[in-house]
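Notes for the one structure printed next.
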Amino acid sequence: MAALKRESFGGRVAVILAMAGSAIGLGNIWRFPYMVGEHGGAAFIVVYVLCTLIVSLPVFLSEVVIGRRSRSNASQAFSRLSSGSRFWKAAGVLSIAIPLIIASYYSVIGGWSLDFFFKSCTMTFVKTAPTQVSSIFDSIVSSGFENVSMHLLFLFLCAVIVAGGVRSGIEKFSKVTLPLLFILIVVIAIYSISLPGASKGVSYLFKPDFSQLTPRSFAFALGQSFYSLSLGMGAIITYGSYVKKDENLLAASSGTAISDLLFAILAGFAIMPAVFAAGIEPGAGPGLIFKSVPYIFSTMSSSLPVLSAVISALFFFAIVIAAMTSCISLLEVGAAFLVEKFSLKRPLAVAILYLLCGGAGVLCALKSSVFDGFDYLCSNILLLLLAFLVVIFVGWVMKKEDVEDEVTNSRTIRQADKLFPVIYFLIKWIAPAAVLLIFISNFIL
Ligand code: PFF
């Protein structure tokens, strides 16, 4: 293959913002707050942080190591580093297929967010009676045309950014939107906490109840942390391949994990107090943001219609951005592959991906069984399988010196050098065992 000149991210901040953009998404907004509440509040957060430190961060670092060491797309990365082994070539195929499947249904949810943003701007929730507001989501889901067109529009917006390239598309977009996203979520959280009755939501989230922690909570915490950090999907391998040689991988990985956790907690503050203030039972999944939250805007609209419309528009705008930066990272996996493997021009590669994911997404938008099937297959099986292969690859197939070389930048980073034995132990032994355990627990717990 002709040596291609690869793009790279500008610097540490750009790397963290792009990776955090991938990590921060719908997983933080609709799953994290609910899981925390269901599994013992602050007690679950402690477990979540431990799982992230002990398992997810080593997996994250392994993906970045594979990316940067190979300096190639997720598919070819494995075969390059294993001198063309057939088995690892197959793992490479998996790492291209998974993100495309996810992008197909993730962009349907992105389409709902976009639709709700438009509806907020036209004051739909303000004008709808609270008892009717949840039917808005149901009618979008059951309407073929609106659902499909919003999905295609959302995917198109993401595709435009990816077509712009790594530096001038993805990096520029995340540099502007990620800080904006944090500002938005803080504003919404402050507003949400100030509502009468909000304190119940705060205690739902943060009152530690260790009695609610069960073995299942550990499996949930790990699964959530994997999904939230975009692990096992080829995305971090691909972004890792754009990290410059002198960048500190451990710092970039920890920076991403910290931003992701911080955002998830802020999203909890933004959503749960408002949900409780409105007297709604919190629930997981799309219902939380597309039914409960509009209900809140609808109930407050009689007293403050304009404020209600503005806050709801900001809220759904934040969700659109969070979903876009994640979906962009999914598309980039395929784009890097098509450009490098078949020497396609980036816009053509992105157009092909748009057709593929757009088409599969239309099926997801029209048939909930396809949507649920894709989600189940990816989140419960394929993601874990690829994450397992990643840590086995770094821990057992790659040479230890090569891994050390990447993590410590040829032993020039003192802290990473000191921590390396622990990190390597986690990658080699603890992470594979933990991934296997969650995989098994998905079927028996
Ligand atoms: N991490 C994203 C979220 O929490 O919503 C989801 C995601 C994005 C998963 C990108 C995988 C991925 F490659």
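The values are calculated or read from the model by the stated rules, or taken from the named source; none is laboratory data. Being a predicted model, the structure only gives us computed values, none of them experimental. Virtual Cβ from ideal backbone geometry, glycine too; neighbours counted across all protein chains shown.
Things worth noting here:
- Members of segment 1-15 that are buried (at least 18 other Cβ atoms within 10 Å of the Cβ) and assigned to a helix (DSSP H, G or I): Ala14, Val15
- Any hit, segment 95-114, residues being more than 29 Å from Phe342 (Cα to Cα), in contact (Cβ under 8 Å) with a residue 60 or more places away in the chain and away from the ligand (no atom under 16 Å from the Cβ): no
- Residue check, Ala284 closer than 19 Å to Ile24 by Cβ and either outside any helix (DSSP H, G or I) or more than 24 Å from the chain's Cα centre (by Cα) (or both): yes
- Test: residue in segment 310-327 that is away from the ligand (no atom under 16 Å from the Cβ), outside any helix (DSSP H, G or I), over 17 Å from the mean Cα position of the chain (by Cα) and more than 18 Å from Ile170 (Cβ to Cβ): no
- Options Val339, Val403, Val435, Val394; residue that is under 22 Å from Ala221 (Cα atoms), out of contact with any His (no Cβ under 7 Å at 6 or more places or on another chain) and crowded, with 18+ Cβ neighbours inside 10 Å: Val435
- In segment 331-360, of all residues being β-branched (Val, Ile, Thr) and either in contact with a strand residue (DSSP E or B) (Cβ under 9 Å, 6 or more places away or on another chain) or away from the ligand (no atom under 16 Å from the Cβ) (or both), the one that is farthest from Tyr105 (Cα to Cα) corresponds to Val339.
- Which numbered condition Pro432 misses (of (1) under 20 Å from Asp246 (Cα atoms); (2) touching a Gly at 6+ places or on another chain (Cβ under 9 Å)): (1)
- Selection over segment 203-229 of residues that are within 16 Å of the ligand (Cβ to nearest atom), assigned to a helix (DSSP H, G or I) and either touching a His at 6+ places or on another chain (Cβ under 8 Å) or not hydroxyl-bearing (Ser, Thr, Tyr) (or both) gives a count of 6.
- Residue selected from segment 230-272 under the condition among the aliphatic types (A, V, I, L, M) and part of a loop (DSSP other than H, G, I, E, B), by the criterion farthest from the ligand (Cβ to nearest atom): Val243
- Residue check for Ser369: part of a helix (DSSP H, G or I) and without any contact (Cβ under 8 Å) to a residue 40 or more places away in the chain: yes
- Matching option when the condition is in contact (Cβ under 8 Å) with a residue 12 or more places away in the chain, under 20 Å from Ala103 (Cα atoms) and not charged (D, E, K, R), among Ala163, Ala189: Ala163
- Filtered by the rule that a residue be under 14 Å from Ser253 (Cβ atoms) and either in contact with a His (Cβ under 8 Å, 6 or more places away or on another chain) or surrounded by fewer than 20 Cβ atoms within 10 Å (Cβ to Cβ) (or both), segment 406-421 gives Asn409, Ile413, Gln415, Leu419, Phe420.
- Residue within segment 410-423 that is under 22 Å from Gly27 (Cβ atoms) and touching a residue at least 40 places away in the same chain (Cβ under 8 Å) present: no
- Given (1) more than 19 Å from Asp402 (Cβ to Cβ); (2) surrounded by fewer than 24 Cβ atoms within 10 Å (Cβ to Cβ), number of the condition Gln76 does not satisfy: (1)
- Tally, over segment 120-141, of residues that are of a type in the set (S, T, N, Q) and not in a helix (DSSP H, G or I): 4
- Pairs linking a residue in segment 196-225 that is among the aromatic types (Phe, Trp, Tyr) to a residue that is not in a helix (DSSP H, G or I), with Cβ atoms under 9 Å and 6 or more positions apart or on different chains, are Tyr204/Gly41; Tyr204/Pro282; Phe206/Gly41; Phe210/Gly40; Phe220/His39.
- Single residue of segment 363-391 satisfying the filter (of a type in the set (D, E, K, R) and surrounded by fewer than 14 Cβ atoms within 10 Å (Cβ to Cβ)) that is nearest to Ser62 (Cα to Cα): Asp372
- Of everything listed in (1) surrounded by fewer than 16 Cβ atoms within 10 Å (Cβ to Cβ); (2) within 24 Å of Asp260 (Cβ to Cβ), the single unmet condition for Ser168 is (2).
This table checks each residue for (1) buried (at least 23 other Cβ atoms within 10 Å of the Cβ); (2) at pLDDT below 95; (3) part of a helix (DSSP H, G or I).
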site: Leu17; (1), (2), (3): yes, no, yes
site: Gly21; (1), (2), (3): yes, no, yes
site: Phe32; (1), (2), (3): yes, yes, yes
site: Gly40; (1), (2), (3): no, yes, no
site: Ile45; (1), (2), (3): no, yes, yes
site: Thr52; (1), (2), (3): yes, no, yes
site: Ser56; (1), (2), (3): yes, no, yes
site: Phe60; (1), (2), (3): yes, no, yes
